[in-house]
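S.K.: Right, I'll just put the structure down here and ask away after.
The values are calculated or read from the model by the stated rules, or taken from the named source; none is laboratory data. Small disclaimer: the values here were computed from a predicted structure and weren't measured. Positions of Cβ are generated from backbone atoms using ideal geometry, with glycine treated the same way; all protein chains shown enter the neighbour counts.
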Amino acid sequence: MDPTDEQLLARIADHDSDAFSAFYDRYAPRAYGLLRRMLADREDADDVLQEVFWQVWRNARQFDPRRGTVKAWLTLMTRSRALDRHRRRGREAGVGELPVQLHDPAAVDDGNEHAEQMHRARRALEGLQQEQRDAIQWAFFGGLSHSEIAARAGLPLGTVKTRIRTGMMKLREALAEGGTP
């Protein structure tokens with residue numbers, strides 16, 4: 001029987017390299033798929049993947065199952081590292097646009113259930129009005145604050161908040177129904 005994610009992390013916390021290898025094999029494709037969608041440059045995605053798993057090796061003890069699943073913990077860590085890299089690259093290049101790639105065919109799915117969930121999420125997101133979709137993408141995939149989105153789009157802060165809130169409610173409804181908003 002395969003060890004649970006929590007068991008692997010406990011062993012990684014004790015510097016068990018076999019547990020780390022098993023954890024890496026289990027989650028690297030998912031993390032890399034997310035990184036490829038968030039970062040325009042493949043080398044950046046490769047580097048950040050390495051940083052994420054180095055962080056797992058160093059900080060496995062910090063995982064708290066009361067706060068969420070291992071999958072969510074790793075996804076949050078991956079997203080944070082990708083946003084850090086994106087911001088750093090943006091400052092270096094003086095670029096403002098986000099390289100959000102929700103439809104990246106190179107993204108790796110980890111099975112039929114995950115592929116179906118991704119398909120439903122994409123379909124629901126595509127069903128939103130463009131301004132709601134843009135605001136949600138900037139906030140969740142680009143890591144921008146509501147104030148940063150308002151400044152970038154030239155909109156009042158309240159408008160941005162309303163677009164995100166309304167879009168998220170429509171997404172929640174659509175995903176509960178399994179269709180589009």
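S.K.: List every residue pair whose Cβ atoms lie under 8 Å apart, where the two residues are 6 or more positions apart in sequence or sit on different chains, the first residue falls within the range 127-156 and is not assigned by TED's automatic domain parsing to the domain that holds A40, and the second residue, located anywhere, is polar (S, T, N, Q) and assigned to a helix (DSSP H, G or I).
M.R.: Close Cβ pairs satisfying both conditions: Q132/T166; A150/T159.
S.K.: Here's another thing I want to ask about it. Given the conditions (1) among the aliphatic types (A, V, I, L, M); (2) modelled with pLDDT under 90; (3) closer than 24 Å to D25 by Cβ; (4) surrounded by 14 or more Cβ atoms within 10 Å (Cβ to Cβ), which single one is not true for V56?
M.R.: Of the numbered conditions (1) among the aliphatic types (A, V, I, L, M); (2) modelled with pLDDT under 90; (3) closer than 24 Å to D25 by Cβ; (4) surrounded by 14 or more Cβ atoms within 10 Å (Cβ to Cβ), the odd one out for V56 is (2).
S.K.: Which members of the range 20-45 meet the condition of being buried (at least 18 other Cβ atoms within 10 Å of the Cβ) and of a type in the set (D, E)?
M.R.: Within the range 20-45, D44 is the sole residue that qualifies.
S.K.: Is it true that Q50 is closer than 17 Å to D5 by Cα and modelled with pLDDT of 85 or more?
M.R.: no
S.K.: Could you say whether any residue in the range 98-112 is at pLDDT below 85, among the polar types (S, T, N, Q) and within 26 Å of D134 (Cα to Cα)?
M.R.: yes
S.K.: Further question: Please specify each residue of the range 25-72 satisfying the condition of being over 22 Å from F140 (Cα atoms) and free of Cβ contacts under 8 Å to residues at least 12 places away in the same chain.
M.R.: D25, E43, Q50, W54, R58, N59, Q62, D64, R66, listed by residue number.
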